[in-house]
Amino acid sequence: MATRARRQDRRQEPLTRERIVTTAVEILDAEGEGGLTFRALADRLATGPGAIYWHITGKENLLAAATEAVVAALPADDPGATPREAVRALALAVFDAIDTHPWVGAQLARTAWQSPMLPVFERIGRQVTALGVPEAARFTAASTLLSYILGEAGQNAANALAARPGTDREAFLDATADRWADLDPERYAFTRGVAGRLRAHDDRAEFVAGVDLFLAGITALRGAEG
């Protein structure tokens, strides 16, 4: 009876694009891209697939709309922040969004130069300009930084998904570090040497450190003009 009542409540709610997209995000978070079908979405919304198609045609458009919704929820730049602070805050916001919605990483990688990533690229580019980077180097600086943010955030999400169900992050890292430590010392001297670092590192802190490395290089471009 309770399930029937919930379905009746859903039927009474107006079927809007926003409601469809919100529900799609919920399914994607719980089941991944493979779990998002129009049949599953229609069942969750207590409606028919045809009604959904009237608002959004096709799974590709649905995934794009869901991705846009996640990106649109990113916090705006703090007007009082320095360019470095603004880039770091935006990078962390993207990292956290992909960590919360692992499926978003793959979607953003496919559409890095299209909507919905253009607003993020624009925000990075404005801060790169504010850092005084020469005009000829701005595209390279902004696009490389965006690629790092998407790549590392996406890899972090992939690593989380790769861990066996029921295995916590620490146990997963410990097992990986043990495998690294047992590698051939001649072929993998560096990897063996940083095995302990893998065991103890914090993904978010390492990500921020990488952003800072990029920002240091980007800032150095100011003195390279001419």
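Structural remarks
- Subset of the range 201-226 (residues that are within 30 Å of D174 (Cβ to Cβ), modelled with pLDDT under 90, among the acidic types (D, E) and surrounded by 11 or more Cβ atoms within 10 Å (Cβ to Cβ)): D203
- Out of P102, P119, sole residue that is surrounded by fewer than 17 Cβ atoms within 10 Å (Cβ to Cβ), in the same structural domain as G210 (by TED's automatic domain parsing) and under 19 Å from the mean Cα position of the chain (by Cα): P119
- Residue count for the range 127-143 satisfying the condition of being buried (at least 16 other Cβ atoms within 10 Å of the Cβ) and under 17 Å from D77 (Cβ atoms): 4.
- The range 126-140 - residue that is within 18 Å of A216 (Cβ to Cβ) and among the small types (G, A, S) and, of those, farthest from the chain's Cα centre (by Cα): G132
- Considering residues of the range 95-122 that are charged (D, E, K, R) and either in contact with a helix residue (DSSP H, G or I) (Cβ under 7 Å, 6 or more places away or on another chain) or under 18 Å from G210 (Cβ atoms) (or both) only, the residue modelled with the highest pLDDT: D96
- For the range 195-214, the condition of being over 30 Å from V133 (Cβ atoms), of a type in the set (A, V, I, L, M), assigned to a helix (DSSP H, G or I) and more than 30 Å from the chain's Cα centre (by Cα) holds for none of the residues.
- No other residue among R84, R39, R44 is touching a helix residue (DSSP H, G or I) at 6+ places or on another chain (Cβ under 7 Å), in a helix (DSSP H, G or I) and within 30 Å of R204 (Cα to Cα) apart from R84.
The values are calculated or read from the model by the stated rules, or taken from the named source; none is laboratory data. Note that this is a predicted model, so its numbers are computed, not measured. Note that each Cβ is placed from the backbone with ideal geometry, even for glycine, and that neighbours are counted across all protein chains shown.
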